[in-house]
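Presented below is the structure to which this report refers.
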């Protein structure tokens, strides 16, 4: 969400809708999990769950349009929120909507913030679990009914998600439908980003150790300068004294 | 392209030919996609597309020779443009020419430059998409007619490209021909570089946060030194005053 | 283990129990390896090994409870020692207990410490070997009796561990049981962390080279300031001299 | 090779033997490639090649023993040259000797050194190609005669090497013998290190850009201090002047 001061109305809207949308997102995930995993659901329940998923989609679509309406620089908004657009504009790729859940973590993150790296750790850990759960649901939903499918149970789907997000990819399970492959693509991007963040955090930790040593050199330079300043101040006091030595002269 | 001030004529040529060559590269990709995907093309269309691809190759070859002619330090030029040489010298590996498209992004990049990391993000994202599209075309072209091939449709080719560039590698699809494997090799190098850039950008982001804190320590040292300098200046003014106290003496 | 000064009693306990627990962990690994690999063991031996493994588990469980009892901020302790909780609370997932061995390296590491990167290298190398050995044992134990298993000998298990921790994942061997997949999950997380640490160490090495150059600039600034200070000191001595020039006046 | 000033004799020996050993290593690789790929060789040729490989191994073993004899701190030498020990002590794992070739790049690297990152790029690129070539030879040699082997031609071996070092791992080709798997293990370690170096170089490049900005702040602090020093020098000159104003007094 843009923190741009130019977009005050947009930011206000986003701040106000953050919590309700987060709640909606959680409700969406629960309903989606119920629909995908509840194979024994009556058709009536399935129908109501479907309606509910479409209603949530509709709310997110309205939210996107309102934000677009509030944004001063429309094209810039579209350019910076391409993922939101994809999520809203492709309702037929129902599976991808599960990834909307990532927004949940924007809230969690705000609460747990204790140092930059700690924050990132919580964010990455939580987002990875949530994305993995959503992706497993989505890929199961997409694959289950394909005759060539290798992913036919939720256990298989979770296992496939794990092998994919870690980029191991044994190939004992893999999606064969187009929808399943789109989910896989999103998950792989997530896996690469995950690797990048883990590496980045570790590398920055090492660099910080080094930077800490350097900062202490810096600090010693500063204390040197301060000592110098005190000496000059002393010198000045001495020079502007009424010079008692010369008085008897 | 070398920005070396010693190679003024070479740089001028490269600046002048950048746009026409970019246009040619796009035309090349379009024609190549048409040739590979248009299975219902008449032989006549296929023949003209083939001619066009060879003409574009010829233009790139001429461009390479002209640049080699303009370069003052020939061997250095060859050493620094090995990829260009490979692209030009191996016309029989027709598939690799698709990767020439990366040059397109040199232009796009120049336009969108807004901060180092933003630039890199756009470049990497765009180049990845373009390379993936070109690689999918090339591998399909190479594999399609092999009896043992597992990549026989453009959908399969795109899916294979995705599993390869992310280094997941399920193994449900893989190239079996030598040409297809060369394309795969180029793609894997791209995948490793992609991982490296993503990680590098994230790591540098963390490091910058730390460096920012350090820069503020630095800035306080500088302001300390400036304060000191002002004090000295004051002291000097005082010393060089006509000393009114001593006048009545 | 928390080094928090607020948790003095907890730290004292952890310091005192470190060595005995490390010894227990090694004994646990030896017994576990004996149980898994000793297919010709008599039922009596297997029974005693099983008892021993449960006894060690019991000691670790008691250790966890004591530490929880000593901690002042209970929830914080639970939150920061989630892995310990998982290891203690899931005795039915017997395989994961093998990963408890990582604690061994806390001790080894303390001894070999010679520079930050050296330490990390020893730690990562040692921990990787130990985790790989434990994971191979655990996955063999889990898979061996499954009719669809592809991992049926210790050699296969070691090979599978290698392909997994490096994230290569050929897919010629892969776990099919839930327990085996949990081991795989732990191993993949280890593989990602391993990649992250290797990259982080290398990146920090490059950054240090650069930081070193910068530190020398810094050092020259400091020597400049010191020279300045000496000059001021000289100036002050001159000013406070009894001024011999004015004496004859 | 240790550059330790304490080990002057060891360093001298290493400097003197560097070139001859590099030549031997190249000769070893050529003979090894001839032996592995030359399936039509007469038994006599194969026998002479075998003798030659054993002679080279013997020279390397003697070199190791001489260096051990020259080293003052024997255990430290063994600890820091574990890889050399593995290569010398395991002649029955003939395939691993091919990796001895990495030493060749120590020489190449010394010549091409132009900036830290450039050096690393050349080293990594060259070493990767050499290790990949050696590994492909070694795995082919190990697998070729196994009835379950999937790697039976040099083309397959090269392709397998590529999929392994990039950690893609399709699984269409994989080693099944113990020797082949040892080669794979060495290659995977190489793949992880490769990823690490690529990422490290890119990350350090970004960090350097930032460090560069910081260094310019630093430089401005320094010039500030220098200006201050000049001002003080001026002040001193003024104070120690014969004071013409007081002369008429």
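Residues in the range A:190-205 that are more than 7 Å from chain B (Cβ to nearest Cβ) and over 16 Å from the mean Cα position of the chain (by Cα): A:202, A:205. Here residue C:72 clears all of (1) over 30 Å from residue C:153 (Cβ atoms); (2) part of a helix (DSSP H, G or I); (3) touching a residue at least 12 places away in the same chain (Cβ under 8 Å) except the condition numbered (2). Just checking, does the range B:129-145 include any residue being part of a loop (DSSP other than H, G, I, E, B) and modelled with pLDDT of 65 or more? So far as the range B:129-145 goes, yes, one or more of its residues are part of a loop (DSSP other than H, G, I, E, B) and modelled with pLDDT of 65 or more.
Within the range D:38-52, can one find any residue that is assigned to a helix (DSSP H, G or I) and touching a residue at least 40 places away in the same chain (Cβ under 8 Å)? Within the range D:38-52, not a single residue is assigned to a helix (DSSP H, G or I) and touching a residue at least 40 places away in the same chain (Cβ under 8 Å). Within this structure, residue D:99 passes the test of being modelled with pLDDT under 85 and buried (at least 16 other Cβ atoms within 10 Å of the Cβ). Checking B:18, B:50 one by one, the residue that is over 24 Å from residue B:189 (Cα atoms) and modelled with pLDDT under 75 is B:18 and no other. Is there a residue in the range A:170-179 that is at pLDDT 85 or above, within 30 Å of residue B:203 (Cβ to Cβ) and in contact with a helix residue (DSSP H, G or I) (Cβ under 6 Å, 6 or more places away or on another chain)? Taking every residue of the range A:170-179 in turn, at least one turns out to be at pLDDT 85 or above, within 30 Å of residue B:203 (Cβ to Cβ) and in contact with a helix residue (DSSP H, G or I) (Cβ under 6 Å, 6 or more places away or on another chain). Within the range C:152-179, if we keep just the residues that are facing chain A (nearest Cβ under 7 Å) and not in a helix (DSSP H, G or I), the residue that is surrounded by the most Cβ atoms within 10 Å (Cβ to Cβ) turns out to be C:169. Being within 28 Å of residue D:166 (Cβ to Cβ), at pLDDT below 75 and facing another protein chain (nearest Cβ under 7 Å) is not true of residue C:211.
Among the numbered conditions (1) at pLDDT below 75; (2) at positive phi; (3) within 8 Å of chain B (Cβ to nearest Cβ), tell me where residue A:243 comes up short. Condition not satisfied by residue A:243: (3).
Being at the interface with chain B (Cβ under 7 Å from one of its Cβ atoms) and modelled with pLDDT under 85 is the requirement here; does residue D:225 meet it? In short, yes. Of all the criteria given as (1) surrounded by 14 or more Cβ atoms within 10 Å (Cβ to Cβ); (2) closer than 16 Å to residue A:133 by Cβ, the one not satisfied by residue A:67 is (2).
Checked against (1) at pLDDT below 85; (2) surrounded by 14 or more Cβ atoms within 10 Å (Cβ to Cβ); (3) assigned to a helix (DSSP H, G or I), residue D:33 passes all but condition (1).
The values are calculated or read from the model by the stated rules, or taken from the named source; none is laboratory data. What you see is a predicted model; the values in this text were computed from it and never measured. FYI the Cβ positions are ideal-geometry reconstructions off the backbone, even for glycines, and counts take in every protein chain you see.
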